[in-house]
DNA sequence: TTGAAAGCGGTACCAT
DNA sequence: ATGGTACCGCTTTCAA
């Protein structure tokens with residue numbers, strides 16, 4: 001039935017050389033004469049030989065794995081970061097081992113534990129909040145770590161992230177600048193999405209610093225926070241505080257759901273109510289009106305993360321670690337701007 | 001510096017037992033007395049021992065990997081399928097090894113080749129189009145395969161998919177039913193996105209079968225086809241065929257981009273032009289107007305795929321293979337319906 | 001440039 | 001319920 005896959009020994013026998021020579025011939029940059037290399041290549045092809053990494057890994061103590069955990073697969077922001085990582089790693093012999101935590105620290109711990117058995121050469125996690133055991137596991141492993149999308153107070157290792165609180169603050173400042181006074185927030189209520197919570201914290205703090213009320217907070221429930229949650233939350237916001245003038249949402253998806261819900265209720269955006277998001281998703285750019293958002297360079301985070309790792313692993317040079325802090329940047333669009341309001 | 005990770009032998013020594021007993025104690029369902037198991041567990045914890053899968057894999061000839069390739073990370077449809085797979089596999093000791101092909105058969109071949117070295121226990125690919133070498137590699141490996149999102153003429157193994165042509169046809173029938181005559185298509189021009197191409201083929205064939213002109217085809221260029229491409233394509237469509245009455249787009253993302261572009265140009269949807277998509281993304285539901293689309297149960301595809309695999313691997317019972325064919329289902333919404341047109 | 005031998009860290013298999 | 005032993009398929013190391 002399954003006639004047992006050929007091994008290096010089979011190739012060696014067929015080519016009339018030792019397994020060591022086969023091993024060398026199959027990698028680049030090793031001293032093997034052109035003639036024997038060709039002979040070995042042909043023998044390997046004829047047998048349909050495929051190298052067994054499991055054995056190679058065990059012997060060489062190198063797996064070529066980079067373990068990466070992200071909260072959710074269906075989130076274009078994290079997907080962008082992941083793409084940055086994968087694309088930067090392409091060309092090296094490093095491969096991503098991906099897991100998603102569903103925003104749960106316990107699930108993250110479970111994943112990390114599973115991943116550590118695979119002996120990854122590096123670990124990338126999203127955010128700085130982990131279970132105590134998870135921190136210990138990573139610490140004991142001695143594997144280089146990068147925490148992304150956050151600026152942890154107690155970093156495990158390298159960090160490539162941004163201040164989520166600053167993102168919230170940025171939006172408040174924008175709202176105030178545009179003359180809004182009754183300002184609300186949608187999302188970020190549970191301890192699961194700690195980054196969303198941080199954005200809300202920064203948002204609330206900035207309102208208070210400006211002497212504004214910070215009570216219009218609608219909890220969306222546990223993540224993922226999709227358009228549906230955004231829509232439901234907007235309905236609750238309008239029910240409870242009908243005179244709300246501006247709302248920031250924890251994500252662009254939520255903002256779109258919230259905005260369309262307001263529009264369906266007959267409100268004009270931004271004339272009757274302003275709506276803003278977070279993440280600079282393409283959606284916010286194409287929506288009508290275009291949605292004001294905060295750009296945190298998701299893909300760039302991934303690229304830098306991979307670069308940091310390559311340096312940590314000695315696979316790339318670099319005198320200094322790249323700047324690890326990404327600066328959130330507000331993108332003002334029609335959904336919150338006075339110009340759009342006046343032109344109505 | 002890095003004092004070499006403890007091995008099973010270290011744990012065995014510390015607990016005063018043999019490595020075999022340690023090996024058994026660390027897995028469930030093996031005959032080890034409660035007392036020694038506790039003792040071993042404590043020794044392992046004290047040492048910070050973490051099992052080395054590489055060694056276990058080599059010895060047991062089981063890696064616990066399922067190799068999965070999808071065209072793109074940033075595509076919520078594929079992400080849904082992936083989620084279906086991962087969630088179904090959770091609880092088993094199978095782990096997904098993910099790669100994205102960027103819609104390229106050559107990249108797929110490269111990935112599959114890389115993955116095969118890891119000795120996956122199963123392979124999942126998107127679509128039925130592969131390079132000849134890729135087909136051979138998979139065939140030689142003897143690893144169970146599932147092709148998804150398509151109904152290949154020459155299947156490599158199991159299939160969990162749907163007819164992309166049928167999806168295109170479905171939309172044409174809907175358009176005709178709603179009284180549209182000048183109908184166009186956006187997307188699916190390159191050989192890279194073979195499934196998008198199939199949808200267009202089915203679309204064109206259905207138009208012709210109904211005696212309608214099938215020349216309003218706008219090529220978006222190579223995938224990924226995002227909102228931006230949808231918008232640009234709509235502009236081209238309107239420039240070239242200003243009297244177009246209805247447009248199907250290759251994806252909901254493209255449809256949203258196309259629709260908003262039309263709206264920005266001052267057109268009303270569906271009064272002036274109807275727009276439809278594909279994939280039943282949340283976006284199509286929340287957009288204003290809501291966008292008519294085709295639901296192909298992306299997540300369900302993933303769930304079934306994983307179920308098929310579990311059976312193939314003997315990890316789940318099941319008398320028969322589950323129905324492998326998913327039926328595309330049209331979801332009619334305001335963006336294309338007469339009711340919405342009349343009510344204007 | 002090539003080869004021989006000794007593991008890498010587990011598990012299968014057979015005893016006890 | 002527990003242990004001994006022979007590998008799994010490759011790379012490291014040292015020698016030729």
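What is the Cα radius of gyration of region A:80-233 over 2.2 N^0.38 Å, N being its residue count?
Cα-based Rg divided by the globular estimate yields 1.21.
Listing B:8, A:248, B:171, A:227 from the residue with the fewest other Cβ atoms within 10 Å to the one with the most, what is the order?
The most exposed by this proxy come first: B:8, A:227, B:171, A:248.
Just how many % of Cα pairs in region A:8-52 lie over 13 Å apart, if you round to the nearest whole percent?
Across region A:8-52, Cα pairs with separations above 13 Å total 41 percent.
Among B:32, B:86, B:326, which one shows the highest mean-square fluctuation when chain B is modelled as a Gaussian network with alpha-carbon springs under 10 Å?
Most flexible of the set in this elastic network: B:32.
Please compute the average number of Cβ atoms from other chains found within 10 Å of each residue's Cβ in peptide A:53-66.
Per residue, the average neighbour count from other chains is 5.
log₁₀ I(q)/I(0) of region B:1-84 at q = 0.24, 0.26 Å⁻¹, via Debye over equal Cα point scatterers, no solvent, to two decimals?
Each listed q maps to, in turn, -1.14, -1.27.
If every alpha-carbon in region B:41-113 counts as one equal scatterer, what log10 I(q)/I(0) does Debye give at q = 0.18, 0.27 1/Å?
For the requested q values the scattering log ratios are -0.85, -1.16.
So if each residue of separation counts as 0.36 nm, and I subtract the Cα-Cα distance between residue A:13 and residue A:190, what length gain in nm does that give?
57.5 nm
On the first, second and third principal axes, largest extent first, how far apart are the outermost C-alpha atoms of region B:211-316 in Å?
Computed over the Cα atoms, the extents are 58, 29, 28 Å.
What area, in nm² and to one decimal, does the C-alpha convex hull of region A:91-139 cast on average over all directions?
Taking a quarter of the hull surface, the average projection is 3.7 nm².
For a quick size check, give me the Cα extents of chain B along its three principal axes, largest first, whole Å.
Principal-axis extents of the Cα atoms in chain B, largest first: 84, 45, 38 Å.
How crowded by other chains is A:86-99, given as the mean number of beta carbons from other chains within 10 Å of each beta carbon?
For peptide A:86-99, the averaged partner shielding equals 3.
Taking residue B:190 in one copy and the same position in all the others, each labelled 7 Å out along Cα→Cβ, what are the pairwise distances from the first, in nm, shortest first?
The answer, with the shortest distance listed first, is 3.9 nm.
Would you please put A:275-283, A:288-296 in order of how densely packed they are, using the mean number of other Cβ atoms within 10 angstrom per residue and starting with the highest?
Packing proxy ranking, top to bottom: A:275-283, A:288-296.
Under the convention of a label 7 Å out along Cα→Cβ, give the distances in nm from residue A:215 to the same position in every other copy, shortest first.
Distances to the matching label points in the other copies: 6.7 nm.
Just need the Rg to Rh number for the protein assembly as shown, please, alpha carbons only, Kirkwood Rh.
Over the Cα atoms of the protein assembly as shown, Rg/Rh equals 1.00.
Classify region A:191-271: rounded, prolate or oblate, from the alpha-carbon gyration tensor (a ≥ b ≥ c, eigenvalue square roots; a/c under 1.5 rounded; otherwise prolate if a/b is larger than b/c)?
Here region A:191-271 falls in the oblate category.
Could you order the peptides A:133-146, B:60-73 from most to least packed, using the average number of other C-beta atoms within 10 Å per residue?
With the highest mean Cβ count within 10 Å placed first, the list reads B:60-73, A:133-146.
Give me a single rounded figure for B:110-123: the average over its residues of other chain Cβ atoms within 10 Å of their Cβ.
Across the residues of B:110-123, the mean count of other-chain Cβ atoms within 10 Å is 3.
What fraction of the Cα pairs in region B:151-246, stated in percent, has a spacing above 23 angstrom?
27 percent
Beyond 14 Å, what percent of the Cα pairs of region A:138-203 remain?
Everything past 14 Å amounts to 65 percent.
Going 7 Å from Cα along the Cα-Cβ axis for the label, what nanometre distances separate residue B:153 from the same residue across the other copies?
Relative to the other copies, residue B:153 has label-point distances of 6.4 nm.
Can you bin every Cα-Cα distance in region B:1-160 into 10 Å intervals starting at zero and give me the percent of pairs per bin, rounded to whole numbers?
10, 31, 24, 17, 15, 3
For region A:68-110, what number results from the quotient of the Cα radius of gyration and 2.2 N^0.38 Å?
Against the empirical 2.2 N^0.38 Å value, I get 1.22 for region A:68-110.
Show that you can apply the helix-only estimate: for chain A, add -39,500 (n - 2.57) for every DSSP H stretch of four or more residues, divide by all residues, and state [θ] at 222 nm to the nearest 500.
So the helix-based figure for chain A works out to -14000 deg cm²/dmol.
Computed from the coordinates by the stated procedures, all read-outs in this text should not be read as laboratory data. Keep in mind that this is a model prediction, so the values were computed, not measured. With ideal geometry, Cβ positions are generated from the backbone for all residues, glycine too; neighbour counts draw on all protein chains shown.
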